[in-house]
Amino acid sequence: MSKYLMDKFLFTVDRDRELVERYREDPRGFVAWWEAERANQILSCTTDEASTWQAFEDDEREALATHDYPRLFELGCHPFLTLTLFIAMFERDYDEPLGFQLEYARQLQRFSLPYPDIAT
């Protein structure tokens with residue numbers, strides 16, 4: 001499992017409005033594209049420098065491709081990264097203030113302390 005790679009996905013997508021929209025509209029295709037094109041780029045470096053070994057495991061890929069944020073949390077993704085990205089993607093779908101945040105909390109209420117390890 002690569003908590004680093006999943007967190008890197010959440011972090012980089014959340015910082016680009018175009019990527020957020022692509023991920024919202026075609027999650028499965030977007031995850032495949034990101035894994036092939038961006039997963040091995042060194043964060044905060046030139047695009048000419050890259051690694052070659054990073055890839056999602058099947059359960060990570062599936063959770064990302066289905067927007068399954070409770071499963072991402074269970075797999076160890078940082079909750080602030082999942083929350084901020086999914087707010088950007090889904091807050092507009094709720095009528096009440098903090099609608100998505102309340103849904104996020106409801107979906108994660110089954111977890112109790114200690115939470116899954118979010119260290120990378």
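Select, from Phe111, Phe100, the only residue that is surrounded by fewer than 16 Cβ atoms within 10 Å (Cβ to Cβ) and among the hydrophobic types (A, V, I, L, M, F, W, C). Walk me through how you get there before you give the answer.
Working: Phe100 fails: surrounded by fewer than 16 Cβ atoms within 10 Å (Cβ to Cβ).
Within the list Phe111, Phe100, the selection yields Phe111.
Restricting the range 83-119 to residues that are of a type in the set (A, V, I, L, M, F, W, C) and not in a helix (DSSP H, G or I), which is modelled with the lowest pLDDT? Among those residues, the one meeting the criterion is Ile118. Checking Glu21, Glu74, Glu49, Glu60 one by one, the residue that is in contact with a helix residue (DSSP H, G or I) (Cβ under 9 Å, 6 or more places away or on another chain) and at pLDDT below 95 is Glu74 and no other.
The values are calculated or read from the model by the stated rules, or taken from the named source; none is laboratory data. Computed from a prediction, not measured in an experiment: that's the story for all the values here. With ideal geometry, Cβ positions are generated from the backbone for all residues, glycine too; neighbour counts draw on all protein chains shown.
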